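The next block holds one structure in the form of structure tokens; read it before the comments.
The values are calculated or read from the model by the stated rules, or taken from the named source; none is laboratory data. Bear in mind the structure is a predicted one, so any value in this text is a computation, not a measurement. Note: ideal-geometry Cβ built from the backbone for every residue, glycine included; neighbour counts use all protein chains shown.
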Amino acid sequence: MSASPSPSDAPSPSDPTSSSAPLHLAVALDGAGGHPAAWREPGARPEAVFTARYWADAVAEAEAGLLDFVTLDDGLVLQSTSTDGPDGRTDLVRGRLDAVLTAARIAPLTRHIGLIPSVTTTHTEPFHISKAVATLDHVSRGRAGVHVQVSGLSYEERHFGRRAAPLSGAELYEEAADHVEVIRRLWDSWEDDAEIRDVATGRFIDRDKLHYIDFEGRHFSVRGPSIIPRPPQGRPVVSAVGAAADGEAAHRLVALSADIGYVRARDTGEVAAAVAAIRRAREAAGPAEPLHLFGELTVYLDEDGPAATARKERLDALAGHYEDDSEVFTGTPAQLADLLVERRAAGLSGFRLRPGVNAHDLPAVTRGLVPELQRRGLFRTAYEADTLRGLLGLDPHPANRYATPPSAGTAA
Amino acid sequence: MSTKPLKQIHLAAHFPGVNNTTVWGDPAAGSHIDFDSFTHFARTAERAKFDFLFLAEGLRLREQGGRIYDLDVVGRPDTFTVLAALAAVTERLGLTGTINSTFNEPYEVARQFASLDHLSEGRAAWNVVTSWDAFTGENFRRGGFLPREERYSRAREFLSTANELFDSWNGSEIAADAATGTFLRDARAGAFAHRGQHFDIEGHFNVPRSPQGRPVIFQAGDSDEGREFAASGADAIFGRHATLDEGRAFYSDVKRRLASYGRTPDQLKILPAATFVLGDTDAEAHENAHEIRRLQVSGQTAITYLEHVWNRDLSSYDPDGPLPDVDPEVGENTIALGRASVRQFRDPLATAREWRELAEAKNLSIRELVIATTARQTFIGTAATVAESIDSLVQQDAADGFILVPHLTPGGLDVFADTVVPLLQERGVFRSEYEGTTLRDHLGISVPGVDRKAAAS
């Protein structure tokens, strides 16, 4: 694609995505935790995972730890260890509430932490997702994001019956990129000052400041404008997973369409390679906003390293065979801090940690890892911004693409 | 006179959305987008012990003469997201969202409502609406594909499919027993298969049974088909007729239809929308009401409304002058897009003739005519007068209650809560405290026709 060398090793200190900028930290929440047997642990409250209080408590804990944001997993199928269909297992958490609604339910109960629910672009309407996330941004006063994911599962397709067969992997990601383009255009389709309430002329809005987006893509077209004014952040944060295992198209989605990409890798060398590839693709596409690349780890933390390992092994024995999507860490908060420092030097600006057991490992992150990072001067000691873009060091209110005359480089 | 016990009134509040009933130019008018507005409005409704809050929907900005319509309040947030957030700032108030069945899929909508019901602990309701409108369809993947005649058939199948999904968990599957490692008692939880004209889907629904089992179902629509649809499966109907005679006729007609679906009259609540204007005296209230109507229907608004019938540019006409002597443009294309009201003028020539006669007989200008013909049921008077009118209509079976639409956002409900509600409570026709926790409790309705298939096994 591009012959340009990787130039990012000398980042400007003001670049919030450079490896010398303050470290960013998020947690990924799903069910009782990242481990399939997490729900059987003391304090797991498995009967409560379908209540608002459960999620409110978890997000309050993350906010007490000053984390940048939480992501909420979701999907349009019953969880399964199989790709062929529901696995029929009755010994694991099954069932899940809609993540956007859960995030909205939490928003009024929190003040600083970012809220990033997952959506599956394959089966949803970009128009609906755009206004839902814009609304989440309004109800949270600028703390919304959206995590986009694709699904090529045929048994998920049968929940919708739209297509005879799932799209191919590359097409799924292309469609996701179109989806993101549409939701962003819709966010911009109202200029910030479109609502004028001009009593003298009787006009509520200045219609010249509302814009048709006229998106025409391979899989759908959308006319616009949105039915909701531009959200407080202008553009809520978009995140996606850039797993090399999912192929070039997944990489491209992160490189070209995301504000945050989660890098899945097994070791520091793989992290460095993935970061370089994604950054090259981003730069080749021309000027763009900074892109955060976060490492992903499922973590089991105890004050005594062997205890963490033993705990994980005990859980493994309960759960039977399973594979974790991301790298697994067991050890002490100080050892994890060491690893994060090493990974960060490989080009990451933050980490999304998945607590192995929410009841145990989420407080271990907020009360063990966070103080450790603070002691090392690597993590904030108070929230420094009220919005998610602010916390991430991104332009707190990016210019509206329709408000200025068209110029080069407005691609994303 | 009668020993019939007093009916208990149901009251709800419609957050004033996109239309010309909102007096946005009033100095007391606030934001219709800011979450504080929704919070204030919902908390007022809950303080007054209302059954629920109601949100309307519109999925494309209206246009007139090929341009975005700019005289009314424009812009509204996403229904599900607002209602989920409101669940955090209220405890008992029902949360009713209008969701279109044309531009959605049953699996996604069912899981959003089931999730809302969990997150609100049993307060979710769905006002099922339909569209065949290609104009709105341009914002969606499917486009405006739906043939007009399939409107209700798709809606009916959409609702029955959603019910199959709601019922795919019976509520007894989750054991969450850590000691034995049994999370689910039944691996079949959520299994469904639906084959029909509009949907052919199968698999597993992934939200466990919610506190209300199914959200409360609302339906709006006055046509014969609409009434039949409501009678067949709705828990409440968002009615249009709120005057005594029309209300009673509608009420008895709809309640009569229930029997053929094996339902009793109390299984469907009839709740027309109504506005209200209060004053210290009845005369003052009528003066206020007149002034509010003038603010709602400006000269420009009157002209654009007239264009819905005439279907041509009338911008050169004086709103304070007589009606145009030219006839409406009759044709397939309509000047106004995205407005349900436009479709009611099936015979524009006849409507124009009627309006000319009315204007001539009463010596009305264009603006005055529009004010007169667009009036909806309004409770006007002192708090005592309004309480008496509402109670009287309900006791005489013109309605089971009302969905009130204030003309101010977000404080327009406050005065009603402070003055009318206590009088209804004194009369013994409205609750002073919530008796139950779910919206079904408030409305006194159970989950209809649930097949508790697995509960027995």
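Values for this structure:
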read-out	value
Positions within region A:29-52 being buried (at least 24 other Cβ atoms within 10 Å of the Cβ) and touching a Lys or Arg at 6+ places or on another chain (Cβ under 7 Å), in sequence order	A:G34
Residue match in region A:326-348 (condition: at pLDDT below 95 and farther than 22 Å from A:P16 by Cα)	yes
Residue match in region B:171-181 (condition: polar (S, T, N, Q), farther than 29 Å from B:Y261 by Cβ and in contact (Cβ under 8 Å) with a residue 12 or more places away in the chain)	no
Filtered residue count, region A:196-222, keeping only those that are at the interface with chain B (Cβ under 7 Å from one of its Cβ atoms), outside any loop (DSSP other than H, G, I, E, B) and closer than 26 Å to B:N20 by Cα	6
Scope region A:344-370; condition of a type in the set (D, E, K, R) and in contact with a Phe, Trp or Tyr (Cβ under 9 Å, 6 or more places away or on another chain); matching residues	A:R344, A:R352, A:D361
Test: residue in region B:271-294 that is surrounded by fewer than 18 Cβ atoms within 10 Å (Cβ to Cβ), modelled with pLDDT under 95, part of a loop (DSSP other than H, G, I, E, B) and over 28 Å from the mean Cα position of the chain (by Cα)	no
Candidate set: region A:85-118, residues that are buried (at least 22 other Cβ atoms within 10 Å of the Cβ) and farther than 24 Å from B:A189 by Cβ; chosen: the one nearest to the other protein chains (Cβ to nearest Cβ)	A:A104
Residue in region B:193-201 that is touching a strand residue (DSSP E or B) at 6+ places or on another chain (Cβ under 8 Å), within 8 Å of another protein chain (Cβ to nearest Cβ) and exposed (fewer than 15 other Cβ atoms within 10 Å of the Cβ) present	yes
B:E91 surrounded by fewer than 24 Cβ atoms within 10 Å (Cβ to Cβ), within 9 Å of chain A (Cβ to nearest Cβ), assigned to a loop (DSSP other than H, G, I, E, B) and at pLDDT 95 or above	no
Identity of the residue in region A:277-321, under 26 Å from A:T71 (Cα atoms) and within 14 Å of chain B (Cβ to nearest Cβ), that ends up surrounded by the fewest Cβ atoms within 10 Å (Cβ to Cβ)	A:D316
Where a residue in region A:290-306 is under 13 Å from A:A346 (Cβ atoms) and its partner, wherever it lies, is surrounded by 24 or more Cβ atoms within 10 Å (Cβ to Cβ) and modelled with pLDDT under 95, with Cβ under 6 Å and at least six apart	A:L293/A:V263; A:L293/A:V275; A:G295/A:V263
Filter result for B:G75 (facing chain A (nearest Cβ under 7 Å), part of a loop (DSSP other than H, G, I, E, B) and of a type in the set (G, A, S))	yes
Matching strands (runs of 3 or more DSSP E) fully within region A:235-304 where at least 2 residues are farther than 22 Å from A:L391 by Cα	A:292-301
Elements of type helices (runs of 4 or more DSSP H) contained in region A:98-187, each with 3 or more residues being of a type outside the set (A, V, I, L, M) and within 30 Å of B:D34 (Cα to Cα)	A:126-139
Residues located in region B:155-167, provided they are within 14 Å of chain A (Cβ to nearest Cβ) and under 19 Å from the mean Cα position of the chain (by Cα)	B:F158
Qualifying residue in region A:227-243 (condition: touching a Ser or Thr at 6+ places or on another chain (Cβ under 6 Å), farther than 29 Å from A:D338 by Cβ and buried (at least 18 other Cβ atoms within 10 Å of the Cβ))	yes
Residue within region A:179-190 that is buried (at least 21 other Cβ atoms within 10 Å of the Cβ), farther than 19 Å from B:G75 by Cα, at pLDDT 95 or above and within 14 Å of another protein chain (Cβ to nearest Cβ) present	yes
Some residue of region A:20-32 being of a type outside the set (A, V, I, L, M, F, W, C), within 18 Å of A:G350 (Cβ to Cβ) and at pLDDT below 95	yes
Residue within region B:133-154 that is of a type outside the set (F, W, Y), buried (at least 23 other Cβ atoms within 10 Å of the Cβ), at the interface with chain A (Cβ under 9 Å from one of its Cβ atoms) and not in a helix (DSSP H, G or I) present	yes
Residue that is of a type outside the set (S, T, N, Q), within 14 Å of chain A (Cβ to nearest Cβ), in a loop (DSSP other than H, G, I, E, B) and buried (at least 16 other Cβ atoms within 10 Å of the Cβ), where the choices are B:P319, B:P324, B:P328	B:P319
Any hit, region A:339-347, residues being part of a loop (DSSP other than H, G, I, E, B), under 22 Å from A:H147 (Cα atoms) and in contact with a His (Cβ under 7 Å, 6 or more places away or on another chain)	no
Members of region B:352-410 found to be under 23 Å from the mean Cα position of the chain (by Cα), among the polar types (S, T, N, Q) and not in a strand (DSSP E or B), listed by number	B:T373, B:T374, B:Q377, B:S389, B:S392, B:Q395, B:Q396, B:T409
Qualifying residue in region B:202-211 (condition: within 14 Å of chain A (Cβ to nearest Cβ) and either free of Cβ contacts under 8 Å to residues at least 12 places away in the same chain or on the phi > 0 side of the Ramachandran plot (or both))	yes
Boolean, B:A283 is over 26 Å from B:F54 (Cα atoms), out of contact with any Ser or Thr (no Cβ under 6 Å at 6 or more places or on another chain) and aliphatic (A, V, I, L, M)	yes
Looking only at region B:106-117, and only at residues there that are free of Cβ contacts under 8 Å to residues at least 60 places away in the same chain and not aliphatic (A, V, I, L, M), the one that is farthest from B:L439 (Cα to Cα)	B:E108
Contacts under 6 angstrom Cβ, first residue in region B:118-130 being within 14 Å of chain A (Cβ to nearest Cβ), partner of a type in the set (G, A, S), 6 or more apart	B:H118/B:S210; B:L119/A:A52; B:L119/B:A84; B:L119/B:A87; B:S120/B:A87; B:R123/B:G94
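The rows are residues; the columns are (1) within 23 Å of the chain's Cα centre (by Cα); (2) not in a loop (DSSP other than H, G, I, E, B).
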position	(1), (2)
A:A26	yes, yes
A:G33	yes, no
A:E47	no, yes
A:F50	yes, no
A:Q79	yes, no
